[in-house]
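Beneath this line is the structure, given in structure tokens, with notes to follow.
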Amino acid sequence: MDTDAKAPRPHAAWKEVLQDAMDEIVNKTKENDELKERISRLEDIINRASLAFFSDASHRKVSIAMHKILEEFTREAKS
């Protein structure tokens with residue numbers, strides 16, 4: 001006689017475990033997407049700051065331009 005046929009099969013418990021795993025995967029994917037977006041924004045800020053630095057020989061103008069770019073990032077980070 002097959003003893004496995006008589007063993008209880010907790011389908012609901014397995015479904016819950018699988019759903020929890022899927023939820024975790026979705027959350028990690030969202031976190032990953034958010035991190036990629038943040039990296040992209042940081043790269044943009046760095047590129048803009050470097051362009052401002054190298055586009056003008058006047059140190060005062062460069063300093064002001066870089067400061068504005070970094071202030072913009074700071075405002076974004078706080079919101």
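For the reader, a short list of remarks on this structure follows.
- Subset of segment 46-73 that is loosely packed, with under 10 Cβ neighbours inside 10 Å and in a helix (DSSP H, G or I) - its residue that is modelled with the highest pLDDT: ARG60
- First in segment 37-55 and more than 13 Å from LYS68 (Cβ to Cβ), second anywhere and at pLDDT 85 or above and assigned to a helix (DSSP H, G or I), Cβ under 7 Å, 6 or more apart: none
- Extreme residue, modelled with the lowest pLDDT, among residues of segment 1-41 that are within 20 Å of GLU76 (Cβ to Cβ) and charged (D, E, K, R): ARG41
The values are calculated or read from the model by the stated rules, or taken from the named source; none is laboratory data. Model, not experiment: these values are computed from the prediction. Backbone-built Cβ (ideal geometry, glycine too); neighbour counts: all protein chains shown.
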